[in-house]
1. Before anything else, pin down the relative contact order of chain A: Cα pairs under 8 Å, at least 6 apart, normalised by residue count, whole percent.
2. Which listed residue (A:ASN403, A:ASN178, B:VAL263) has the Cα farthest towards the positive end of the charge dipole for the protein assembly as shown, taking +1 on Lys and Arg C-beta and -1 on Asp and Glu C-beta about the Cα centre?
3. Averaged across B:356-367, how many Cβ atoms of other chains sit within 10 Å of each residue's Cβ atom?
4. With θ set to phi - 60°, apply the Karplus curve 6.51 cos²θ - 1.76 cosθ + 1.60 along the range A:37-47 and write out the HN-Hα couplings as whole Hz, x wherever there is a Gly or Pro.
5. Tell me which of A:ILE66, A:THR137, A:TYR118 sits at the most positive position along the dipole axis of the range A:60-214, charges placed on C-beta atoms (Lys, Arg +1; Asp, Glu -1).
6. Using the Cα centre of the protein assembly as shown as origin and beta-carbon charges of +1 (Lys, Arg) and -1 (Asp, Glu), tell me which of A:LEU308, B:LEU341, A:GLN212 is placed farthest towards the positive end of the dipole.
7. Whole-Hz Karplus ³J(HN,Hα) for the range B:514-524, in order, using 6.51 cos²θ - 1.76 cosθ + 1.60 and θ = phi - 60°, x for Gly and Pro?
8. List, shortest first and in nm to one decimal, how far the label point of A:LYS105 (7 Å from Cα along Cα→Cβ) is from its counterparts in the other copies.
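The values are calculated or read from the model by the stated rules, or taken from the named source; none is laboratory data. No experiment lies behind these values; they were computed from the predicted model shown. As a convention, Cβ positions derive from the backbone with ideal geometry for all residues, glycine included, and neighbour counts pool all protein chains shown. Each accessible area value is taken on the protein alone, full model and side chains, heavy atoms only, with ligands, DNA and RNA left out. Shrake-Rupley method; radii C 1.70, N 1.55, O 1.52, S 1.80 Å.
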Number of protein chains: 2
Amino acid sequence: MRIALAQLNYIIGDFDLNTSKIIETIETCRQQGAELVVFAELSVCGYPPRDFLEFDDFIDKSYQAIDAIAAQCNGIAAIVGAPSRNPDIKGKNLFNSAWLLADGKVHSLAHKALLPTYDIFDEYRYFEPCRTFDCITYKGLKIALTICEDIWNLVPDPLYVASPMDVLHAQHPDLMINIAASPFNYDQQVTRLGILRTNTAQYRIPLVYVNQVGAQTELLFDGNSCVLDSDGNTIASCNAFAEGICLFDFDAGTKTIQSELPVPTTETTKTALIHDALVMGIRDYFAKMGFTKAILGLSGGIDSAVTLALAAEALGSENVYAVLLPSEYSSGHSVDDAVALAVNLNCKYDIISIKDGYTSILGSLQPYFKDLPFSVAEENIQARVRAVLLMGLANKFGYILLNTSNKSEAAVGYGTLYGDMCGGISVLGDVYKTEVYELAHHINREQEIIPVNSIVKPPSAELRPGQKDSDSLPEYDILDKILYNYIELRQSPADLIASGFDEATVKRVLRMVNMNEWKRHQTPPILRVSPKAFGQGRRMPIVGRYLS
Amino acid sequence: MRIALAQLNYIIGDFDLNTSKIIETIETCRQQGAELVVFAELSVCGYPPRDFLEFDDFIDKSYQAIDAIAAQCNGIAAIVGAPSRNPDIKGKNLFNSAWLLADGKVHSLAHKALLPTYDIFDEYRYFEPCRTFDCITYKGLKIALTICEDIWNLVPDPLYVASPMDVLHAQHPDLMINIAASPFNYDQQVTRLGILRTNTAQYRIPLVYVNQVGAQTELLFDGNSCVLDSDGNTIASCNAFAEGICLFDFDAGTKTIQSELPVPTTETTKTALIHDALVMGIRDYFAKMGFTKAILGLSGGIDSAVTLALAAEALGSENVYAVLLPSEYSSGHSVDDAVALAVNLNCKYDIISIKDGYTSILGSLQPYFKDLPFSVAEENIQARVRAVLLMGLANKFGYILLNTSNKSEAAVGYGTLYGDMCGGISVLGDVYKTEVYELAHHINREQEIIPVNSIVKPPSAELRPGQKDSDSLPEYDILDKILYNYIELRQSPADLIASGFDEATVKRVLRMVNMNEWKRHQTPPILRVSPKAFGQGRRMPIVGRYLS
């Protein structure tokens, strides 16, 4: 049987678009001789639909879309993902289901058993876990059909009590098919392939894996759909970060798989992966919000430089507008470096001094500030005047402001709320400062796009004379390691001190992280590239006092 | 046996403070002859601890606190709430547990079975559900000990398959004890008492219910801990919105309850409840963040007027600073109304024109704006200049900015991001405009505090000449009904149109709600008073296109 993997980019709640895409893809695959086309988890409504799932009307529309797709399944079958209503009065009202559509109607359904409810996942919020498991037989092919997490429980410390594949395996299926919505992080491709291979090693039959691709605001889906033979070899796969179809022939008698397509080689360095993921994230955010043009404040520093380069690649340099907003504390070379970058990237740029706005605001506050010393208040006013200017241009001309803060700053609260923390989407908010440098080198891998001076000069917010980040923060190579160990690895202060970090520094950094939850609460969505990003995947109390 | 209900206000993660409070309360109750003191769900660590639960060190600290409390339990027992580690390798690593401490050690444990994972709750994110249930016997008293949601499944459409109280009831307990962290909304007191009475009607034994009190950022806990006899009569209870202890005597032989305390009468009007909840919410946010002083922009309109009155009640009028920020589009009476209110409340106020800042920013943008017509860009600049001035004062003098946006505005995106949408906490973001008027009348119930003119004049943002909210929005009495039916009741467009609303208006309003998710993503935490507030309890896709 010829089977197709359809790796598509869906829009949440846009049933017309998703249905058309799925139907067109079924037609394309039919023309290439496929008898079965497999789409991703919740492909009909897009993943994650979040609380739209609580609207009856949303579920009705999903059922209507299923009917429309099923009507096109004649002489070819399709497996799509969509919610289904739980007929049992007890428990949650929905299942997260894989629908096999054939002969113009619904052939059979399989429901998800293991519902990820951690990090960015909230599935038990909506779905009842499935407790009974049966293989599905289509045209003599016996399929162990599962959904994403269902095959992820084969680890030494399993998150779930149930193991659906163990039950299905006892029924002697020919093939495993898993439909997924498995988001990217820089470790995920290796982790995921390891899990897939653990399954083929355990169950000794081939595995078809179909993931969605594209960005859903902060969640980036890399795709990497693939077919493994029963030995765990990748026989065919779709490209990362792109829509695609991949066909293979399966012989149920011998359980062998054949594909004429070469297996694409995947980017392997962490930095290259982050780069590609962020470019897709910017592009999809704009496309799905219905916008084309970005604006950002270009300081001459490394963060805004990398953001501009990524945005130019994602949206086209003609759609990215860089605004330099120097103050009296900006160094001369900052403006030169920023101009050089805009020229290198062929982006439109303007220079607007913040002096008038800053002076005028300070003048209005003078009767109250009197002769109190210069403080963080004046620093923040500079950053906020920049934001007012940028947002004024954005509102007047239809740009979306890109946020340029990095993860190190977001972690310790080194940034001005309603100032440089503004933006529609945060490009680098999940990229530590030391990783931003790596991205800069990657962008410059063939030629100097980002001026070397932006890379080598000491980081500075330039909000007071001679200011450097290291005046108020540990050096970034130390800071980022402490942050990674605390945020990603959830180490305790004692762990950190035992591994050699200075005790006072550890306590100061952890205190800054915990005390700045209120600031992060108001930041834009952050494109997620790590296993633990700020945002919906890390939910901390604002008024909590642990380690503070 | 004399039993005490201890309704306390905890700080998340502050084990020292929570432990001291619990130990002091045990001592107080001992002196009053109590043999058992009952505290709320997760009282040891505070509720909700959120992702702090993923830190081993946090759990270790909780175990240490349990030991410290147990050491004080001699001649008296205590039931406290805290996480416990799941000894089974399979499943989540923690239980949400009730600990009975007696004779200086842990006497027994009961784990929560029904883990709320909807609206603001995320419990399955952290906890494994308990699957086996046993009554606990202490000094001959057989207790059916459960945790919050465990007794909430007695409804026609149960959320859970399991029913812990059915199992426990079969073991013939003398008494039900339920420890809870059940947040306030204006319907919750009636709903909750109904649930408690459904349990006494079903199981025919008395029920002890202990809730926490106080605000945890946006989540407001009203307390209302109480004891019901087996007929569902309230025999004793703690006051709403305040810490308190309430003792009663239980005769296990006759299963009768006696209390000398009068049962406090509870505020019954929705508006009075919202008022009291918001005052507690403001007070606790400041107390737990370690701040004392609030600042806000006072426009002369109803929203900022009500916010100021609530803040003055919560923090003391000497701790609230009102700043009037008129523009050329502000009406003269706006300033007069604002001044009158500040004087009525005895709050410090100042008047700072935004003219200079606005003119200066516009001047800087003039080379780009040229002679393009006045648009939303200029409107937003006014709102943002106000925010820069307010935040400047806040940063200089240590105030926290209060946000004054209401729920109707937040719903349709009628507000300026980084302008009037700024603030540390949103006071009225869960209060529809029509409910804000009700609050104003409530505040004026004994004398005119809020000038009548602020209440009766047509609402206006005053960002362009002669502007009224009704220029761009439906009248609030219509708008709020559509919003309530869509947000709280999750009705479809067809439902709304069928109930008599104009089709074009319905579609326009729903589109505005869905399209402004990106704006709400960056708003401050919103004090939650309704069953469906914006924030962590309503999780919607930003790039979704359902009904847009």
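1. Numbers: 1115 pairs, mean separation 61.3, N = 548.
Relative contact order for chain A comes out at 11 percent.
2. A:ASN178
3. Numbers: counts 6, 12, 3, 3, 10, 9, 2, 3, 12, 7, 0, 2.
Averaged over the peptide's residues, the number is 6.
4. Those phi angles translate into 10, 10, 10, 7, 4, 6, 5, 5, 9, x, 10 Hz.
5. Final value for the positive-end residue is A:THR137.
6. A:GLN212
7. Those phi angles translate into 5, 6, 9, 4, 4, 6, 5, 4, 9, 7, x Hz.
8. 6.6
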